Amino acid sequence: MGAVNPSRPATGDLDHGTGPEVSVIVPISERHDDLVRLYRLYAGELERLGRRFEWLFVVVGDFEAACRDLTALGAEDERVRVVKLPRRFGESAALLEGFKRAKGDKILTLASYLQVEPGDLGKVFAAYAAGNDLVITRRFPRRDPFVNRIQSYVYHFLVRILTGVSFKDITCGMRLINRKIVSKLIVYGDLHRFIPVFAALRGIKIAEVVVSQRQEDVSVRLVKPGIYLRRMLDLVTLFFLVKFTKKPLRFFGLVGSALFVPGLLLTAYLGTLRLLGAIGLADRPLLLLGMLLMVFGIQIFSIGLVGELIVFSHARELEDYEIEEIIER
């Protein structure tokens, strides 16, 4: 993958030259800063780097004031496009819509608020030019309050334990992606946070670049208990997708066996005592417990077996790897 010549002049007219080199996608689904200011800061740096770009603001939900500002910005600068979804489908939906409409060979995603210094974009493009298909960023040193840093550490620790993939800041919104790989990334629900994890598991070349955190990104962030519960459920979903997507019987078979075997042993023990005439079974609730454990174990095991049959029938369509190189004469 070759590096783009930084001395190439920038242009604000998409009709000249060869079109945009970089498609910048800003999903707006929750909080946001002054979006016009955000655009001017990052667009100015892209122009300084000599990058031809287009800019897509994807608005998810009811942000009337933001839409008015962005509409005015689009009338002023033809590189800006605004896509509005009717209700809050989530950031993953916004990213998917942006990916579909992107025209550039490179896709740069940014948060809707100022997370990192625009001046660090040069580092990101340099890492991409070095042969990586996905460049993510790590805010370091973190200037957040202590509670934010603890939350981030625990979150990334759990991701590392559950997946075996170690990144320092997968929640940072600045990413540079080769357009060729976006169709291979899993993005739905709230799983957009785990794009680097899924990419790493596919064998996609990734670089994590250290960038400077903006002052606007250092406020204390505490959310409702329900949000923390959703994040934990996302981690559980991630664990199943990573570990058992192609091997459902390993999980369901293990759980089913853990229930069936004790139930079988308990039932066999009571049955043996009954055959020997030592006890009666009419007033033995343990027998009912043993039979229930066996039934539940068989049912859970059957779910895993059905999952294996589904995976087998679609095995040729499931390609979860990348080819790094083909050597032939």
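One table, with the values for the structure above:
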{"item": "Some residue of the range 97-117 being in a strand (DSSP E or B), without any contact (Cβ under 8 Å) to a residue 40 or more places away in the chain and not basic (Lys, Arg)", "result": "no"}
{"item": "Flag if Thr163 is among the hydroxyl-bearing types (Ser, Thr, Tyr) and closer than 17 Å to Pro27 by Cα", "result": "no"}
{"item": "Close pairs from the range 57-71: first assigned to a loop (DSSP other than H, G, I, E, B), partner buried (at least 16 other Cβ atoms within 10 Å of the Cβ) and not hydroxyl-bearing (Ser, Thr, Tyr), Cβ under 7 Å, at least 6 apart", "result": "Phe63/Ile28"}
{"item": "Residue count for the range 93-118, restricted to those that are touching a helix residue (DSSP H, G or I) at 6+ places or on another chain (Cβ under 6 Å) and closer than 26 Å to Gln215 by Cα", "result": "5"}
{"item": "Some residue of the range 183-191 being modelled with pLDDT of 95 or more, touching a Ser or Thr at 6+ places or on another chain (Cβ under 8 Å) and not aromatic (Phe, Trp, Tyr)", "result": "no"}
{"item": "Residue count for the range 170-187, restricted to those that are in contact with an Asp or Glu (Cβ under 8 Å, 6 or more places away or on another chain) and among the polar types (S, T, N, Q)", "result": "1"}
{"item": "The range 22-39 residues that are closer than 15 Å to Trp55 by Cβ and assigned by TED's automatic domain parsing to the domain that holds Ile177, paired with ones that are outside any strand (DSSP E or B) and among the hydroxyl-bearing types (Ser, Thr, Tyr) (beta carbon under 6 Å, 6 or more apart)", "result": "Val26/Ser112; Ile28/Ser112; His32/Ser112; His32/Tyr113"}
{"item": "Given (1) in a loop (DSSP other than H, G, I, E, B); (2) within 25 Å of Glu216 (Cβ to Cβ), index of the condition Lys84 fails", "result": "(1)"}
{"item": "Filter pass, Ile177 being in contact with a Phe, Trp or Tyr (Cβ under 9 Å, 6 or more places away or on another chain), within 18 Å of Gly98 (Cβ to Cβ) and among the β-branched types (Val, Ile, Thr)", "result": "yes"}
{"item": "Residue within the range 141-151 that is within 30 Å of Glu21 (Cβ to Cβ) and either touching a strand residue (DSSP E or B) at 6+ places or on another chain (Cβ under 9 Å) or part of a strand (DSSP E or B) (or both) present", "result": "no"}
{"item": "The range 126-147: number of residues that are of a type in the set (Val, Ile, Thr) and either exposed (fewer than 14 other Cβ atoms within 10 Å of the Cβ) or outside the structural domain of Tyr228 (by TED's automatic domain parsing) (or both)", "result": "1"}
{"item": "Evaluation of Leu14 against (1) modelled with pLDDT of 95 or more; (2) of a type in the set (A, V, I, L, M); (3) not assigned by TED's automatic domain parsing to the domain that holds Val187 (one fails), failing number", "result": "(1)"}
{"item": "Sole residue being small (Gly, Ala, Ser) and surrounded by 17 or more Cβ atoms within 10 Å (Cβ to Cβ), chosen from Gly173, Gly164", "result": "Gly173"}
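The values are calculated or read from the model by the stated rules, or taken from the named source; none is laboratory data. Just so we're clear, the structure is a prediction, and the values are computed from it rather than from any experiment. With ideal geometry, Cβ positions are generated from the backbone for all residues, glycine too; neighbour counts draw on all protein chains shown.
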